[in-house]
Amino acid sequence: GERWEIIGGVPQMMAPPSRIHQEIVTELLAQFHNYLREKPCKVYPAPFGVRLPTGNEKSDQEIATVVEPDIVVVCDLSKLDEHGCKGAPDLIIEIVSPTSVKNDMLKKFNLYESAGVKEYWIIEPNGKIVTVFVLGATGRYGRQEVYSEDDEIQVNIFKDLKINLNPVFAY
């Protein structure tokens, strides 16, 4: 009944999500799911395991980092298996809580950047703010874009998808 992540070989227990957290996940998931219908990419909500190998592992048991982002979009379907995703997803969304803010904004930011996650969103429910990071040609996240509840986000990995934040923050 508990949720855990392993970052760099260190297990970390995750607090259960709040009602507001789940409402945000549900609305975002619906918008992504409707867009991706009959397209080659897939969207998954937590709990969904993402194994981030460093390249030296011979088996899944040797992978030292396994995370469960709130929402994951994967376009390289060869990364999917019965355990989740092995390798960097194309987009990861994390919804911060008071207990996860340090992990999401520091540890996971650096982890996702070094793993090659193309787009990383950090959502702050209390301020109704979304911060979007896009991986540049240098392999580093560039200048962040910040959005509020009245904005639409142009999804970088899908040039014809805009996410309306008004229903996302309608709690």
Item checked: Subset of region 13-38 that is more than 15 Å from the chain's Cα centre (by Cα) and hydroxyl-bearing (Ser, Thr, Tyr) - its residue that is most open to solvent (accessible area, probe 1.4 Å) -> SER18
Next item on the list: Residues being farther than 20 Å from LYS108 by Cα and not aliphatic (A, V, I, L, M): count how many of those fall in region 23-56.
Entry: 15
Check: Which condition number in (1) under 19 Å from VAL10 (Cβ atoms); (2) touching a helix residue (DSSP H, G or I) at 6+ places or on another chain (Cβ under 8 Å) is the one that SER148 fails?
Finding: (1)
Check: Based on what the data block shows, is ILE63 under 16 Å from MET14 (Cβ atoms), β-branched (Val, Ile, Thr) and either open to solvent by less than 40 Å² (accessible area, probe 1.4 Å) or over 13 Å from the mean Cα position of the chain (by Cα) (or both)?
Finding: no
Check: Does any residue of region 89-111 turn out to be in contact with a His (Cβ under 6 Å, 6 or more places away or on another chain) and either on the phi > 0 side of the Ramachandran plot or not hydrophobic (A, V, I, L, M, F, W, C) (or both)?
Finding: no
Note to self: THR54 - would you say it is hydroxyl-bearing (Ser, Thr, Tyr), open to solvent by less than 20 Å² (accessible area, probe 1.4 Å) and modelled with pLDDT under 90?
What the structure shows: no
Checklist line | Residues satisfying the stated conditions in region 114-156, i.e. in a loop (DSSP other than H, G, I, E, B), touching a residue at least 12 places away in the same chain (Cβ under 8 Å) and open to solvent by less than 40 Å² (accessible area, probe 1.4 Å) | finding: GLY116, VAL117, PRO125, GLY139, VAL155
Next item on the list: Considering (1) touching a Phe, Trp or Tyr at 6+ places or on another chain (Cβ under 8 Å); (2) modelled with pLDDT of 95 or more, say which one MET14 fails and leave the rest.
Entry: (2)
Margin query: Going residue by residue through region 118-127, is there one that turns out to be within 10 Å of the chain's Cα centre (by Cα) and over 22 Å from PRO16 (Cβ atoms)?
Written below: yes
Notebook entry, point to check: Which residue, of LEU111, LEU106, is touching a residue at least 40 places away in the same chain (Cβ under 8 Å), closer than 20 Å to MET13 by Cβ, open to solvent by 10 Å² or more (accessible area, probe 1.4 Å) and more than 11 Å from the chain's Cα centre (by Cα)?
Noted result: LEU111
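The values are calculated or read from the model by the stated rules, or taken from the named source; none is laboratory data. None of the values given here were measured: they were computed from a predicted structure. Note: ideal-geometry Cβ built from the backbone for every residue, glycine included; neighbour counts use all protein chains shown. Areas reflect the complete protein model, heavy atoms only, side chains present, ligands, DNA and RNA absent. Shrake-Rupley method; radii C 1.70, N 1.55, O 1.52, S 1.80 Å.
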